[in-house]
Structure formats: C-alpha cells, structure tokens
Amino acid sequence: MGQPAPAVLAVAGTAHTTDWLGASGSAPLPTAAFGAIYFVDAIAIVLLSRVLLTCDPTNETLSAAVNGNATKGIVSQLLYVLAMGLAFVRPWIADLIYAFVAVLWVVPDPRIERLVSAREAPTAPNP
C-alpha cells in the first residue's frame, strides 16, 4: 500500500488545527498553521483540476469550468501566504483574510453557473 499524499494529510489535519486555533484564542503559531493547512488544500485543488483535465481532455464543459476557476485559486493561495506571514504580526488580520477567502469560495463563479444551466436547459422539440 502506498504512502498517503501530503494533501490528504493536510485535509485530515484541518480538524485538529481548527481545534488548536479555537483553544488558543488566535495565537500566532496556530493561526499560521491554520493558513498552512488551507494553503496545502488550495494546492491540492489545483492539482485535482489538472488531473481531471488530463483524464478527460475532450470534455469542453469540464475544461471551461476548471480553467475559468483558476483566478480564484491563485488569489486564494496568495492570500493564504499573506495571512500566514501576518499571523505572526497581527493574528486578527490573518483571521479576517481567512474569512474573506471562505466567502470568496461561497460565492459561485458565474461562468460555471452559466455552463451548468446551459447544459441542464431542456431543448425544445423541432415542429
């Protein structure tokens, strides 16, 4: 049996890091560790997207949806790195950045929404 991927370990460590952050009251090290876990998770999402595209390169809908979401992923990674550094200076600012990134991902990408709704739209029969 193979070794677990670092991203799998990062996802598994999310709950422990969140507990540690909650118990510490936003101390610098747990705040930075929280950002590091989510930074690795963001990298895992980018890698997963690339793997999905290589598995089915002819799927234009998947390609458009995954490639259209690259900006959000890059911005998230940059904000996580910024927040990890700020965690040692002003942990509360790092917490605000983490919250902003979470809200960024809750808002759906309009390009993906258009692709999904266009694909699910019923076609009218020809008279």
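The values are calculated or read from the model by the stated rules, or taken from the named source; none is laboratory data. Just so it is clear, the model here is predicted, and its values are computed rather than measured. Virtual Cβ from ideal backbone geometry, glycine too; neighbours counted across all protein chains shown.
Is it the case, given these coordinates, that L96 is without any contact (Cβ under 8 Å) to a residue 24 or more places away in the chain and either farther than 16 Å from S26 by Cβ or of a type in the set (S, T, N, Q) (or both)?
no
Just to be sure I understand the filter: pairs with C-beta atoms under 8 Å, separated by 6 or more residues or on different chains, first member in the range 25-50 and free of Cβ contacts under 8 Å to residues at least 60 places away in the same chain and within 16 Å of Q77 (Cα to Cα), second member β-branched (V, I, T) and surrounded by fewer than 17 Cβ atoms within 10 Å (Cβ to Cβ). Which pairs pass?
Every condition considered, the pairs that remain are I37/T14; F39/V81; D41/V11; D41/T14; A44/V11.
Could you please give the count of residues in the range 105-126 that are among the aliphatic types (A, V, I, L, M), modelled with pLDDT of 70 or more and under 24 Å from E60 (Cα atoms)?
3
I'd like the full set of residues that are closer than 14 Å to L78 by Cα and aromatic (F, W, Y), limited to the range 88-109.
Y98, F100
Quick one: is A102 out of contact with any Pro (no Cβ under 9 Å at 6 or more places or on another chain), at pLDDT 80 or above and of a type in the set (G, A, S)?
yes
Among the residues of the range 12-44, which ones are buried (at least 16 other Cβ atoms within 10 Å of the Cβ), within 16 Å of the chain's Cα centre (by Cα) and modelled with pLDDT under 80?
G13, the sole residue that qualifies.
Hey, among T54, T31, T71, T61, which residue is assigned to a helix (DSSP H, G or I) and in contact with an Asp or Glu (Cβ under 8 Å, 6 or more places away or on another chain)?
Answer to the selection: T31.
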